[in-house]
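Enquirer: One structure, as structure tokens, below. Some questions next.
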Ligand code: ATP
Ligand code: MG
Ligand code: FE
């Protein structure tokens, strides 16, 4: 079954074709970073308009790269939520209409299920049960995955998401939008241990997170510093170590609590090299393993949507003939696959 995947939940237009027999056929991504940079954050209306502008050319390009004609598609999957409502509507309307015209089934995919399943896309040996750490721009969650489609929330952030904390911290030290990856890059030349920030909520039981206080600690340290380039790098390193340690402590706790041996990491912050190394080390110590998507499939992309949609379409699920999106959508409410 060849499934076209469409991702338009935020500021990336992603398109891919996934073939349930041969795997990923092609994928393309258009990032709107330049468009939103001068505003220091995503402007929803501009995002929607840019998805309108880019989506069809990107679908044509992806089909071309896959060597497929549009009539070769057996199904269409689009992100139906959570995300920016206008941006979601663009992908859902295009995807639903395309499937209608081709007389193939369509399915609305949960964006976070897309992220969560991304590590399985290129590693078929990876199967539930496992614990998933979802760390993206809008979410920080630990999820017990008993089966695909069976998601139980173990803990989540009470305020900022990990990626959001990276972005906001970068911004307050004057780094350009979107600052997260830039802050991580800067941390590479920072010296460890010079700036020590707390590991929020690790001194009490539970699997919830809180990252907004860390941002304030960084602000105070930055304002009291000489604000040199080296200091900025040292602070970035201190911040990154605090986030990485905190995530690792909670992941270890979740694995021990659930008895699972496999940890799956997904979402944009999963591209962070120090986090990848730390979680590999931690799971190794426990005799388990940590599984990540390739860095390009940690952040938003069409491949994860094509893959997640293909699994559901294959099991016979499909959307009705309406364009429906859900800007807020609880993953635990998803039906089993
Ligand atoms: P959500 O998936 O929750 O709706 P989103 O789609 O905006 O949010 P993603 O695209 O999964 O989030 O990830 C983007 C986030 O990942 C940004 O906050 C960005 O700063 C962060 N990020 C990307 N690369 C890195 C990195 N190397 N280190 C730390 N953070 C990173
Ligand atoms: Mg993005
Ligand atoms: Fe995302």
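Enquirer: Over the C-alpha atoms of the range 133-181, what are the Rg and the largest Cα-to-Cα span, Dmax, in Å?
Expert: Reported Rg and Dmax, both Å: 13.6, 43.
Enquirer: Under 8 Å for C-alpha pairs, at least 6 residues apart: give me the relative contact order for the chain, rounded to a whole percent.
Expert: Contact order relative to length: 25 percent.
Enquirer: Mind sorting 58, 158 by how few other Cβ atoms lie within 10 Å of their own Cβ, fewest first?
Expert: Listing 58, 158 from fewest to most nearby Cβ atoms yields 158, 58.
Enquirer: For the range 190-262, take N as its residue count and report Rg(C-alpha) divided by 2.2 N^0.38 Å.
Expert: Normalised Rg, Cα atoms only: 1.29.
Enquirer: Based on alpha-carbon centroids, what's the gap between the range 59-121 and the range 130-177 in Å, whole number please?
Expert: Cα centroid of the range 59-121 versus Cα centroid of the range 130-177: 24 Å apart.
Enquirer: Still on this structure, please answer the following. Give me 27, 111 ranked fewest to most by other Cβ atoms within 10 Å of their Cβ, as a rough exposure proxy. Please list the in-between numbers first.
Expert: Details: 27 24, 111 27.
Fewest to most other Cβ atoms nearby, the residues stand as 27, 111.
Enquirer: Dividing the convex hull volume of the alpha carbon atoms of the chain by its residue count, what do you get in Å³ per residue?
Expert: 124 Å³
Enquirer: When the chain is treated as a GNM, springs tying every alpha-carbon pair under 10 Å, which of 262, 231, 62 comes out with the largest mean-square fluctuation?
Expert: 231
Enquirer: Still on this structure: Gain in length, residue 314 to residue 31, computed as 0.36 nm per residue apart minus the alpha-carbon separation, to one decimal in nm?
Expert: Length gained, residue 314 through residue 31: 98.9 nm.
Enquirer: Here's another thing I want to ask about it. When averaged across all projection directions, what area in nm² does the alpha-carbon convex hull of the range 128-292 cover?
Expert: The number I arrive at for the range 128-292 is 8.9 nm².
Enquirer: Based only on other Cβ atoms within 10 Å, what is the fewest-to-most ordering of 18, 78?
Expert: Least to most surrounded, the residues fall as 18, 78.
Enquirer: Counting only C-alpha contacts under 8 Å and six or more residues apart, can you give the relative contact order of the range 128-292 as a whole percent?
Expert: Computed over the range 128-292, the figure is 27 percent.
Enquirer: Here's a follow-up. What FRET efficiency comes out for residue 229 versus residue 172 if R0 is 22 angstrom and r is the Cβ-Cβ distance? Round to the nearest 0.05.
Expert: That pair, residue 229 with residue 172, gives E of 0.90.
Enquirer: With bins 5 Å wide starting at 0, give me the P(r) of the range 32-185 over every alpha carbon pair, in whole percents.
Expert: Histogramming the range 32-185 at 5 Å steps yields 2, 8, 12, 15, 18, 17, 15, 9, 3, 1, 0 percent.
Enquirer: Distances longer than 16 Å among the Cα atoms of the range 12-87: what percent of all pairs is that?
Expert: Here the tail beyond 16 Å accounts for 55 percent of pairs.
Every number in this text was worked out from the coordinates using simple rules, so none of it is lab data. Everything numeric in this text was worked out from a predicted model, so none of it was measured. Using ideal geometry, Cβ is built from the backbone for each residue, glycine included, and neighbour counts are taken over all protein chains shown.
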